[in-house]
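As structure tokens, the structure follows; a few thoughts come after it.
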């Protein structure tokens, strides 16, 4: 069975991280291989502790997963440190061979840093040029650029194009932190106009939506869907997850 390799940290609360990735992929009926980057102790309200794994262990897990010959896509989540970013970048196959989806986990939704400043710089300079798709929310896009959060679509598109300049093939700017009746995600590629993925904004609040979306996109790519259709399918899935929890 074709599988998605998930490279991410654990979340002891089960609301996000590797647990959420695995649950999403299993519900979508696709195999999962895992490379753990860090162990975290979290509740829904706060991060209590973070323990990064040694880079050589991260590298060995990725190498072992790729050796199975089953990896059809890679989803990257929490990395934690610059050393982990470098270990992942050194271990990944070319994106032309295997699609790579990067969800830039910089901080927990409950508060608490999950990637240190040197890790953010390594992410920009070493990992972004390697990936197929970057999936930041509005605060993450701003943090990666060292700017304030965008206000309005024009400013968000400017930031998206700046992120594209770091080298990812595409950027999906998630609009969950925006306003208005619609939650609008913007898919930017190197050419053409941005594509808008829309859904009615829900009043429900759930943790792990970023993990859910990026894992669902990776599932579509692993099945051979193109990037646009993978993002559209994942948008529908995460909208249902926010509304109903499944």
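Key figures for this structure:
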item	result
Elements of type strands (runs of 3 or more DSSP E) in region 146-220, at least 3 residues being modelled with pLDDT of 90 or more, under 17 Å from the mean Cα position of the chain (by Cα) and crowded, with 18+ Cβ neighbours inside 10 Å	170-173, 182-189
Criterion violated by residue 5 - all others in (1) modelled with pLDDT of 95 or more; (2) surrounded by fewer than 17 Cβ atoms within 10 Å (Cβ to Cβ); (3) under 20 Å from residue 123 (Cα atoms) satisfied	(2)
Count of region 221-231 residues which are buried (at least 18 other Cβ atoms within 10 Å of the Cβ) and touching a residue at least 24 places away in the same chain (Cβ under 8 Å)	4
Members of region 14-28 found to be crowded, with 22+ Cβ neighbours inside 10 Å and in a loop (DSSP other than H, G, I, E, B), listed by number	16
Condition met for residue 31 (surrounded by fewer than 19 Cβ atoms within 10 Å (Cβ to Cβ), touching a helix residue (DSSP H, G or I) at 6+ places or on another chain (Cβ under 8 Å) and without any contact (Cβ under 8 Å) to a residue 40 or more places away in the chain)	yes
Candidates 96, 89, 64, filtered to the one that is over 16 Å from residue 136 (Cα atoms), in contact with a helix residue (DSSP H, G or I) (Cβ under 6 Å, 6 or more places away or on another chain) and modelled with pLDDT of 95 or more	89
Scan of region 93-109 for residues that are in contact with a strand residue (DSSP E or B) (Cβ under 9 Å, 6 or more places away or on another chain) and either crowded, with 20+ Cβ neighbours inside 10 Å or under 20 Å from residue 41 (Cα atoms) (or both), ordered by number	99, 100, 101, 102, 103, 104, 105, 106, 107, 108
Matching residues, region 130-143, being surrounded by fewer than 22 Cβ atoms within 10 Å (Cβ to Cβ), touching a residue at least 40 places away in the same chain (Cβ under 8 Å) and under 24 Å from residue 208 (Cα atoms)	132, 138
Conditions (1) in a helix (DSSP H, G or I); (2) in contact (Cβ under 8 Å) with a residue 12 or more places away in the chain: number failed by residue 75	(1)
Complete set of residues in region 160-170 that are more than 10 Å from residue 131 (Cβ to Cβ) and touching a strand residue (DSSP E or B) at 6+ places or on another chain (Cβ under 7 Å)	160, 161, 163, 164
Residue list for region 1-13, filter: within 15 Å of residue 223 (Cα to Cα) and in a loop (DSSP other than H, G, I, E, B)	1, 2
Pairs where the first residue, in region 80-95, is in contact (Cβ under 8 Å) with a residue 24 or more places away in the chain and on the phi > 0 side of the Ramachandran plot and the second is part of a helix (DSSP H, G or I) and buried (at least 19 other Cβ atoms within 10 Å of the Cβ), C-beta under 8 Å, 6+ apart	80/119
Residue tally, condition surrounded by fewer than 14 Cβ atoms within 10 Å (Cβ to Cβ), out of contact with any strand residue (DSSP E or B) (no Cβ under 8 Å at 6 or more places or on another chain) and not in a loop (DSSP other than H, G, I, E, B), over region 40-56	1
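The values are calculated or read from the model by the stated rules, or taken from the named source; none is laboratory data. All of these numbers come straight from a predicted model, not from anything done at the bench. Counting neighbours? That spans all protein chains shown, and the Cβs are built from the backbone with ideal geometry, glycine included.
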